[in-house]
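Here's the structure we're looking at; comments come further down.
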Amino acid sequence: MKKFFSILLFVIIASTISGCMESIEINEPSQEQHVEANRILNETYLSPARNIHPFRMQATVNRIAPRIRAASYRVCLDLQRPQYQCDLIQRSTIYIHQNNPQINAAADENSDIHLFGGLINISGSDDEVAAVLAHEFAHVMFVHVDKKFMNALIGQSIALALVSDSASPQSQQYWADLGAGIGAAAYSPEMELEADRAAVYILLHAGYRPEVMQDFLVRATRESAQQANLGIYTVSFLQTHPSNSNRMAHLVSAIQDARIGRPLVSTGY
Ligand SMILES: [Zn+2]
């Protein structure tokens, strides 16, 4: 029943998303980029999951977070976003839910970021965790959480309950529930593309190969398929961050643009 509710909520919210709140310019990928996306999904070799012990997860995040935060702030300034939005990046707290097996990450209504144990556990490298962190900082930069809730309010009163829940003092429990896939609202595909594109630039600024974002999406997709065969469902990242080969094609496009030095283009707030 809970799963049905989550799916229903996702469908309702996704169907009511309006495309009027874009933050950066996103061009359609070329045919060649779509071909490359399918090749990446099918042929990418991934290093094995690291199976990181919960006690070591904080140290993992500590190794990467300062560089990703600084690069996110830099990209935010370059985009000439409102200063308060860039300041959100500086103030954001990163919560690690070590014992939560969900493969997921999220930015909340306070612009704090939540990383779940399952995600860190299956990562093949610190770089993949850095990619997810860059993606979440991009959601903060574009105040996507506010926009997501706004879209939901436009669409359905169901989402109203979610908003009031998330504003309660039991915020930690709310996010624990989100990690478990209960009542999880998804970002719109457009928001995912914006966060991915900005994450590519953040990763480059921070000195990472932006392809690590692709690696993590491939890993999550394969893990989800394997789990489905076993009747297990912990890859909630793919529910709260809708993903498909089109998203991968956009990543191919973003990485090519970033590598030739094409700047991100702001289109609004
Ligand atoms: Zn996302």
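What follows is calculated from the coordinates using simple rules that are stated; it is not laboratory data. Just so it is clear, the model here is predicted, and its values are computed rather than measured. FYI the Cβ positions are ideal-geometry reconstructions off the backbone, even for glycines, and counts take in every protein chain you see.
Note the full-extension length gain between Phe55 and Gln98 as 0.36 nm times their separation in residues minus their Cα-Cα distance, in nm to one decimal. Intermediate values should be presented prior to the final figure.
Details: separation 43, 0.36 × 43 = 15.48 nm, distance 0.77 nm.
Computed gain between Phe55 and Gln98 is 14.7 nm.
Using the count of nearby Cβ atoms within 10 Å as a rough guide to exposure, how do Ser123, Ser111 rank from fewest to most? Walk me through the numbers on the way to the answer.
Details: Ser123 27, Ser111 22.
The order, fewest Cβ neighbours first, is Ser111, Ser123.
Given a Förster distance of 25 Å, report the FRET efficiency between Asp87 and Glu109 from their Cβ-Cβ distance, rounded to the nearest 0.05.
Numbers: r = 16 Å, r/R0 = 0.65.
It comes to 0.95.
Could you bin all the Cα-Cα distances of segment 58-154 into 5 Å bins starting at 0 and give me the percent of pairs in each, rounded to whole numbers?
Pair shares across the bins are 3, 14, 24, 23, 18, 12, 5, 1, 0.
Where Rh denotes the Kirkwood radius from the mean inverse Cα pair distance, what is Rg over Rh for segment 82-131?
1.05
Per residue, how much space in cubic angstrom lies within the convex hull of the C-alpha atoms of segment 192-266? List each step's numbers first, then the result.
Numbers: hull volume 6.4 nm³, N = 75.
Convex hull volume per residue, Cα atoms: 86 Å³.
So how far apart, in nm, are the two label points at Ser266 and Ala70 if each is 7 Å from Cα heading toward Cβ?
Here the answer is 2.3 nm between the modelled labels.
For segment 111-144 and segment 210-263, what is the separation of their Cα centres, given in Å?
Distance between centres, Cα-based: 13 Å.
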